[in-house]
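See below for the structure under consideration.
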Amino acid sequence: MKERPLRTSVIGSLPFPGWLEHASAHLAEFGTADREELVEDAVRVAIRDQVEAGLDAITDGEQTRLDFNLSFYGYLEGLELEAAAPRRFGPPAHDQRGRHAIKGKLAAPRGLGAVDEFARLKRLAAAGGVPAGVALKASVPGPYTLAWRLIPGGRYKDRWAIAAALMPIVSAELAALVQAGCREIAVDEPSMSVYAHRENTKKFVALFNETVEAVDTVARICTHLCFGNYKGRAVGPRRYAPMFPAFLSVHADEIHVEMASREFAEPEVIQAIAASGKDTAVGVIDVKNYYIESPEDVAVRVRLANKYAPADRLVLAPDCGLSQTARWAARKKLANLVAGVAIVRKEKGIR
């Protein structure tokens, strides 16, 4: 389902326009029609930024995930939302994020909202003149990553128990996305990368495969494995070695790995993924750095990745979602990503 060698893509999130970030802190002042107008306009902007950059695959920029009542956790029953974060002041980091207490059986009778997001993306992309051949991608966090902000307790004794309960909920959301016409879905599991050094990676693979079992033959399944990017900060050892070779058995067509911010450490992972018959999505844009990579910087990284995987097995993308990067920088980085890939395509005679 990947039609172009050296394909360009994004992970999922894009930065909010400034006006949307301001509005999201004052949602109580808006009516339901106002909110829908806000998010529709924001998705239009996200589509335009990606199309202007020239990407081969785009998302809605996750612009509707403004606040807990519009996020995945807001769709879950059985929660007491937003327990206090353990630290509120000082340098921004992951321990300033609140967590949710579990008070009953976890369920999502209305789904997780991703289907509505994709329907909006599909409609606005058609109305906005997105070029033919540009793929529309939806993103959903996998159950292990989604479990991170839930506090174990009661019937769910640990994170694995929570993830097991979330698995059929996420799986149902994936099936509903396919039913809605989505043919490319990113099931993102960065938490698996973060904890691979101390958890059973075969359990990770089994959980992932069970999650995508209903859709992995009818949609292009991608997974994003990075080390965290909240406030531009990683969390956990930034090493892929503990994940492989176990993760070569995930039922995904594309595995994305963070490379730019790690100075292309462990490039053998690129080769291993491609050799297993999967596409390797290589992060060639550092989203944690405000250095704007030039097209030639990107071309150097693409050539390096191409030493480890053939062009028809490579996807080029940022290291992670761009939600933590200012929009002015994100737009330049995406435009230069595409321009850099174009240099290498020209060298290889790829249209």
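Where a number appears in this text, it was derived from the coordinates with a stated rule and is not lab data. Here the structure is a predicted model, which means the values were calculated and not measured. Because the Cβ atoms are built from the backbone with ideal geometry, glycine has one as well, and the counts that use them run over all protein chains shown.
Per-structure values
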quantity: Per-selection Kirkwood Rh - region 150-263 (Cα, Å, 1 d.p.); calculated: 15.0
quantity: Listed residues Leu337, Leu225, Leu20, most fluctuating in the chain (Gaussian network, C-alpha, under 10 Å); calculated: Leu20
quantity: Rg/Rh (Cα only; Kirkwood hydrodynamic radius) as it applies to region 103-142; calculated: 1.17
quantity: For region 297-324 and region 71-107, distance of Cα centres in Å; calculated: 34
quantity: Estimated [θ] at 222 nm from DSSP helical runs (n ≥ 4, -39500 (n - 2.57)) normalised by residues in the chain, nearest 500; calculated: -12000 deg cm²/dmol
quantity: Debye-sum result for region 249-351 in log10 I(q)/I(0), which assumes one identical scatterer on each alpha carbon, at q = 0.12 Å⁻¹; calculated: -0.37
quantity: Cα centroid of region 126-160 to Cα centroid of region 240-256, whole Å; calculated: 18
quantity: Dipole of the chain [Lys/Arg +1, Asp/Glu -1 at C-beta], most positive-end residue of Thr325, Pro168, Leu207; calculated: Leu207
quantity: Rounded if a/c under 1.5, otherwise prolate or oblate - region 75-122, Cα gyration tensor axes; calculated: oblate
quantity: Dipole magnitude (debye, nearest 20) for region 7-348, charges at Cβ of Lys, Arg, Asp, Glu; calculated: 660
quantity: Order of Cys222, Cys182 under a 10 Å beta carbon neighbour criterion, fewest first; calculated: Cys182, Cys222
quantity: Neighbour-count order for Ser191, Ser24, fewest beta carbons within 10 angstrom listed first; calculated: Ser24, Ser191
quantity: Prolate/oblate/rounded call for region 215-256, Cα gyration tensor, a/c under 1.5 rounded; calculated: oblate
quantity: Relative contact order computed over the chain (Cα-Cα under 8 Å; 6+ residues apart), in percent; calculated: 20
quantity: Relative contact order of region 26-135, pairs being alpha-carbon contacts under 8 Å that are 6 or more residues apart, as %; calculated: 28
quantity: Inter-site label distance for Asp158 and Ala84 at 7 Å from Cα along Cβ, in nm; calculated: 2.9
quantity: Listed pairs Lys278/Lys333; Lys278/Lys348; Lys231/Lys307; Lys137/Lys346 exceeding 28 Å between Cα atoms; calculated: Lys231/Lys307
quantity: P(r) of the chain over all Cα-Cα pairs, binned every 20 Å from zero, in whole percent; calculated: 31, 62, 7
quantity: Nitroxide proxy distance, nm - points 7 Å out along Cα→Cβ at Ala126 and Gln179; calculated: 1.9
